[in-house]
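Everything on this sheet refers to the single structure shown next.
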Amino acid sequence: MAAMVKGYLIHADETRIVLKGKPAYVWVFATFREVIYFYSETRESDLLETLLKDFKGVLVSDFYAAYDSIPCPQQKCLIHLMRDLNDAVLDHPFDQEVREIVTRFAEILRNIVATIDRRGLKRRSSESTSLKSSDSTARCLARIIAVKPQ
């Protein structure tokens with residue numbers, strides 16, 4: 001874990017397990033070169049804070065609030081966001097605002113994927129492309145994230 005903490009990027013996630021009839025959690029930390037798993041009886045942030053206290057790189061995680069306790073730059077996982085948006089549509093099928101938010105996000109994502117398909121992921125390619133997103137879309141996305149209980 002010491003080498004991982006000295007790096008520039010860590011992906012982190014946790015999942016609930018039942019071991020010998022007792023609930024617990026497995027935490028996973030991954031870079032492009034290694035993966036480390038930790039067992040914990042709780043989902044509290046203590047483990048994160050201990051393991052990542054010296055980490056200065058970018059932490060990629062879901063929206064679980066415990067990750068916010070780590071004082072480093074953070075990026076939220078796009079796959080988790082997409083899953084949460086899909087769940088919001090299923091949980092609120094008649095909410096037109098939710099449907100509009102998810103539709104707008106899907107359009108933005110399609111534009112991103114199309115741009116990457118055309119130009120690749122190189123920085124010089126992405127700098128020449130501007131994606132237009134209004135403040136209202138950002139506020140709506142924040143509302144959807146708040147709808148999904150942790």
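The values are calculated or read from the model by the stated rules, or taken from the named source; none is laboratory data. Quick caveat: nothing in here was measured; it's all calculated off a predicted structure. Please note: Cβ atoms are built from the backbone with ideal geometry, for glycine as well, and neighbour counts cover all protein chains shown. The protein model used for the area step is the full one, side chains on, heavy atoms only, and it has no ligands, DNA or RNA in it. Shrake-Rupley method; radii C 1.70, N 1.55, O 1.52, S 1.80 Å.
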Exercise for the section: Describe numerically, in nm with one decimal, the distance between label points set 7 Å from Cα along Cα→Cβ at Asn86 and at Met1. Expected result: 3.2
Practice task
Could you please put Thr103, Thr31 in sequence from largest to smallest accessible area, using a 1.4 Å probe?
Solution key: Thr103, Thr31
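Considering only DSSP beta bridges with both partners in region 1-109, what is the antiparallel share in %, to the nearest 5? Before the final figure, lay out each step's value.
Values: 15 of 21 bridges.
Beta bridges within region 1-109, antiparallel portion: roughly 70 percent.
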Exercise for the section: Keeping all protein chains in position, work out how much accessible area Glu41 exposes to a 1.4 Å probe, and write it in Å² to the nearest 10. Expected result: 130
Practice task
Provide the per-residue ³J(HN,Hα) series for region 59-64, in order, calculated from phi with Karplus coefficients 6.51, -1.76, 1.60 and θ = phi - 60°, each as a whole number of Hz, with x at glycine and proline positions.
Solution key: 9, 9, 8, 7, 9, 5
Practice task
Write down the radius of gyration of region 40-84 and its Dmax, each obtained from C-alpha positions, in Å.
Solution key: 11.1, 31
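Grab the beta carbon distance between Asp117 and Glu41, set R0 = 41 Å, and tell me the FRET efficiency rounded to 0.05.
Once rounded, the FRET efficiency stands at 0.35.
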Handout entry: Computed lengthening from Leu78 to Asp54, 0.36 nm per intervening residue step minus Cα-Cα distance
Key = 6.1 nm
Practice task
Could you pull the Cα extents of region 1-96 along its three principal axes, largest to smallest, in whole Å?
Solution key: 49, 36, 24
Exercise for the section: Report Asp117's accessible area, 1.4 Å probe, all protein chains in place, as a number in Å² to the nearest 10. Expected result: 120
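By how many nm would the segment from Glu34 to Asp13 grow when fully extended, if each residue of separation counts as 0.36 nm and the alpha-carbon distance is taken off?
Details: separation 21, 0.36 × 21 = 7.56 nm, distance 1.44 nm.
Net length gain for the segment: 6.1 nm.
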Practice task
At a 1.4 Å probe radius, which order do Ser45, Ser61, Ser69 fall into by accessible area, largest first?
Solution key: Ser69, Ser45, Ser61
